[in-house]
2 protein chains.
Amino acid sequence: MESEAALVGRWRKLLTCYNTIACDLDRALQDAHGLTMSEFETLDRLAEAANCDKRRMQDLASGMYLSQSALSRTVARLEKAGLVHRALCESDRRGVFVKITEAGRRRHTEARETHMAILATHLAEADASPA
Amino acid sequence: MESEAALVGRWRKLLTCYNTIACDLDRALQDAHGLTMSEFETLDRLAEAANCDKRRMQDLASGMYLSQSALSRTVARLEKAGLVHRALCESDRRGVFVKITEAGRRRHTEARETHMAILATHLAEADASPA
DNA sequence: AGACAATCAATGCGTGTGCATGTAATGTCC
DNA sequence: GGACATTACATGCACACGCATTGATTGTCT
């Protein structure tokens with residue numbers, strides 16, 4: 001059994017930790033590459049699963065922290081910026097494929113450096129919590 | 001030296017973890033007590049430092065994850081709801097004291113149960129990262 | 001086939017946030 | 001004392017978010 005105080009302590013630490021990093025990251029990505037954190041994360045997922053051709057919006061949503069509507073808008077923004085491309089899914093015309101474009105891939109590669117730098121700064125070796 | 005993949009893994013885990021809990025918490029507090037997570041955290045800080053009489057806004061801001069403007073508005077909302085009281089600081093008339101009211105203290109006590117319950121659910125004994 | 005539930009994505013709406021700025025009070029330097 | 005930087009908090013603004021709903025498509029059951 002853990003004391004309430006300890007639990008609250010852990011929570012506050014998580015709160016502070018997350019917000020500090022997220023804020024820094026968001027700002028750095030925005031300034032250097034014109035990308036939101038959510039936009040980068042989305043791009044990052046798409047770059048990974050480049051060859052896979054499943055029904056994207058759905059699959060992207062699961063495993064990400066964004067709500068369905070937030071993801072929809074994020075993809076819309078990325079598409080408007082030409083970093084991503086939407087296509088109908090033939091087998092199920094409700095679904096939408098999302099594919100990263102060449103421009104998107106380039107932007108992702110650039111931004112990835114910034115991303116890693118910020119992460120390395122904040123997520124130093126400390127707190128490598130198991131599993 | 002830690003691999004980039006591991007770093008990204010840790011980050012994504014933090015991202016998911018935080019958002020899951022924050023979302024649940026926000027929703028629970030809102031439904032049961034009409035409080036935002038930020039509002040609760042603010043109230044929580046004020047309830048703790050009940051006797052201390054320093055220049056509040058300032059002191060609250062430090063040690064919390066909110067920006068100065070966000071805190072200002074959060075306190076404004078709390079005051080409008082009668083849970084908190086603003087008072088001028090005599091020694092430095094730029095400063096503002098924030099004090100929790102009786103109603104605020106009651107609301108906080110109620111909400112604290114919900115808060116602890118959610119925390120206990122998500123922050124089970126796992127991941128009790130040191131220091 | 002026809003009616004009804006279920007699923008996928010988009011959108012209207014309200015809200016909380018950060019950034020930049022505004023307003024007021026204080027400190028500093030000549 | 002007067003000019004200027006600094007500090008404390010509030011506010012205008014734009015924006016990303018979640019929730020609820022809509023619109024379109026597919027699945028199911030009789």
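Each value in this text was obtained by applying a stated rule to the coordinates, not by laboratory testing. For clarity, every value in this text was computed on a predicted model and none was experimentally measured. Every residue, glycine among them, receives a Cβ derived from its backbone with ideal geometry; neighbour counts consider all protein chains shown.
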>> Could you go through the stretch B:30-46 and let me know if any residue there is part of a helix (DSSP H, G or I), among the β-branched types (Val, Ile, Thr), buried (at least 17 other Cβ atoms within 10 Å of the Cβ) and more than 11 Å from every other protein chain (Cβ to nearest Cβ).
In response: yes
> Do you know which of the residues in the stretch B:92-102 that are away from DNA strand D (no atom under 11 Å from the Cβ) and of a type outside the set (D, E, K, R) is nearest to the other protein chains (Cβ to nearest Cβ)?
Replying inline: B:Ile100
> Filter the stretch A:47-69 for residues that are aliphatic (A, V, I, L, M) and outside any loop (DSSP other than H, G, I, E, B); which is nearest to B:Leu7 (Cα to Cα)?
Replying inline: A:Ala47
> Can you tell me how many residues in the stretch B:53-88 are more than 10 Å from DNA strand D (Cβ to nearest atom), surrounded by 12 or more Cβ atoms within 10 Å (Cβ to Cβ) and within 14 Å of another protein chain (Cβ to nearest Cβ)?
Replying inline: 3
>> Looking at the stretch B:67-79, I want the residues that are at negative phi and of a type in the set (Val, Ile, Thr) and have a partner that is part of a helix (DSSP H, G or I) and within 6 Å of DNA strand C (Cβ to nearest atom) with Cβ atoms under 7 Å, at least 6 apart or on another chain. Which pairs are those?
In response: B:Thr74/B:Ser38
> Taking the stretch B:89-114, which residues are surrounded by 11 or more Cβ atoms within 10 Å (Cβ to Cβ) and within 16 Å of DNA strand C (Cβ to nearest atom)?
Replying inline: B:Cys89, B:Gly95, B:Val96, B:Phe97, B:Val98, B:Arg107, B:Ala111
